[in-house]
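The values are calculated or read from the model by the stated rules, or taken from the named source; none is laboratory data. All of these numbers come straight from a predicted model, not from anything done at the bench. Cβ sites come from the backbone with ideal geometry, for glycine too, and all protein chains shown count toward neighbours.
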Amino acid sequence: MIVLDKLAEYASDFGYRAGWAAVRWAPESVARSVFDAVGTVAGRRGGGPEQLRKNLARVVGTTPEQVPDALVEQAMRSYARYWREAFRLPTTDPADIVASVRMSDHDRRVVDEVCTSGKGVVMALPHSGNWDICGVWLVAHYGQFATVAERLKPESLFDQFVAYRESLGFEVFPLTGGEQPPFRLLADRLRAGGIVCLMSDRDLSHSGVPVELFGERTRMPAGPAKLAIETGATLLAVHHSYPDADTSLIRCGTVIDTSGGVAAATQALADAFAEGIASAPADWHMLQPLWESDWSQARRDRLGVDGE
């Protein structure tokens, strides 16, 4: 079994390396057509990924069976677009990426105010659109920011993802296994007036904050709110989506109030995420069980969650 797991890890590593090598040099029109086709097939086969359909049902307020097939297909094409862009970003002119990003005048003023205030800024994002494009845009306008990366297996695959994001101008700390805990390093950056960006809609720890998202209970990481509170940094929810085939949209709301503590601030983040996700449900790349009612019994037991 261990041998099979290792083989699977190295197959994943090889697959990503091959994808990066092939897609980044393919003509844009060819890459776009191939990934659109792959996304369409994945969205149609067997009704699309079952968990994606369950997650979308919460967003659009219906049962999984009533989620439109067209929405599932669109969601898988959006997910395929994310990977196409990820493979091509290291060889794409950052100026072209920045030029393709849209933002309302209000949101642009909010981002500019918080990023030039001299205080640290925590930007929390859901897995929507392409967060790396948000990062490239941010680096172009405000310089390097810090983030964390989940440690993948094998180590060579993790190293490849870190190198990829560092090539885009990000400072990347491992979520686990680093020389220092990432919280301490991120807090140092914030106290120095820096920017930290964190994916925040899925808890990877055993200590997430219970929140209501689309009317159901789940957990989100405490890190963004805790970092903001302990360092005095500004906390801002950011959302990315694809309004059309050639551009993308960055949205942000008002600054999150952290005066009520970690739990209240995290719930405010969840509410902000829900608003952004509902505006572009097909661009939310959440294919894993997110809500407590979808968790496996083993996970529920581990976290002390009562059964239904």
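Looking at the stretch 140-170, which of its residues are modelled with pLDDT of 95 or more, out of contact with any helix residue (DSSP H, G or I) (no Cβ under 6 Å at 6 or more places or on another chain) and surrounded by fewer than 19 Cβ atoms within 10 Å (Cβ to Cβ)? Correct list: His141, Gly143, Gln144.
Among helices (runs of 4 or more DSSP H) lying entirely in the stretch 49-105, which contain 2 or more residues that are over 29 Å from Glu212 (Cα atoms), in contact (Cβ under 8 Å) with a residue 12 or more places away in the chain and out of contact with any strand residue (DSSP E or B) (no Cβ under 6 Å at 6 or more places or on another chain)?
Numbers: elements: 50-60, 69-88, 94-99.
The qualifying helices (runs of 4 or more DSSP H) are 69-88, 94-99.
Please work out if Ser200 is among the small types (Gly, Ala, Ser), modelled with pLDDT of 95 or more and surrounded by 18 or more Cβ atoms within 10 Å (Cβ to Cβ).
Details: among the small types (Gly, Ala, Ser): yes; modelled with pLDDT of 95 or more: yes; surrounded by 18 or more Cβ atoms within 10 Å (Cβ to Cβ): yes.
Considered against the rule, which asks whether it is among the small types (Gly, Ala, Ser), modelled with pLDDT of 95 or more and surrounded by 18 or more Cβ atoms within 10 Å (Cβ to Cβ), Ser200 comes out as yes.
Can you find a residue in the stretch 127-137 that is on the phi < 0 side of the Ramachandran plot, in a helix (DSSP H, G or I), without any contact (Cβ under 8 Å) to a residue 60 or more places away in the chain and not charged (D, E, K, R)? Break it down stepwise before answering.
Pass one, the stretch 127-137, residues on the phi < 0 side of the Ramachandran plot: 127-128, 130-137.
Applying the additional criterion that residues be in a helix (DSSP H, G or I) yields 131-137.
Subset that is without any contact (Cβ under 8 Å) to a residue 60 or more places away in the chain: 132, 136.
Keeping just the survivors that are not charged (D, E, K, R) gives 136.
Yes: the stretch 127-137 contains one or more residues that are on the phi < 0 side of the Ramachandran plot, in a helix (DSSP H, G or I), without any contact (Cβ under 8 Å) to a residue 60 or more places away in the chain and not charged (D, E, K, R).
Going by the conditions given, is Arg44 surrounded by 12 or more Cβ atoms within 10 Å (Cβ to Cβ) and either over 20 Å from the mean Cα position of the chain (by Cα) or not charged (D, E, K, R) (or both)? Answer is yes for this residue. Only one residue in Ile229, Ile195 is in contact with a strand residue (DSSP E or B) (Cβ under 9 Å, 6 or more places away or on another chain) and under 24 Å from His106 (Cβ atoms), so which one is that? Just one listed residue meets the conditions, Ile195.
Among the residues of the stretch 216-245, just one is under 17 Å from Pro182 (Cβ atoms) and polar (S, T, N, Q), namely Thr231. If Arg251 meets every condition in (1) loosely packed, with under 13 Cβ neighbours inside 10 Å; (2) within 24 Å of Leu56 (Cβ to Cβ); (3) charged (D, E, K, R) apart from one, which number is that one? Tallying (1) loosely packed, with under 13 Cβ neighbours inside 10 Å; (2) within 24 Å of Leu56 (Cβ to Cβ); (3) charged (D, E, K, R), Arg251 fails exactly one: (1).
Considering the stretch 213-258, the residues that are in contact (Cβ under 8 Å) with a residue 60 or more places away in the chain and polar (S, T, N, Q) include one that is farthest from Ser117 (Cα to Cα), namely Thr218.
A Cβ distance below 6 Å, combined with a sequence gap of six or more or placement on separate chains, defines the contacts here; from the stretch 34-47, residues that are in a helix (DSSP H, G or I) reach residues that are surrounded by 15 or more Cβ atoms within 10 Å (Cβ to Cβ) and among the small types (Gly, Ala, Ser) in the pairs Phe35/Ala80; Val38/Ala80; Gly39/Ala80.
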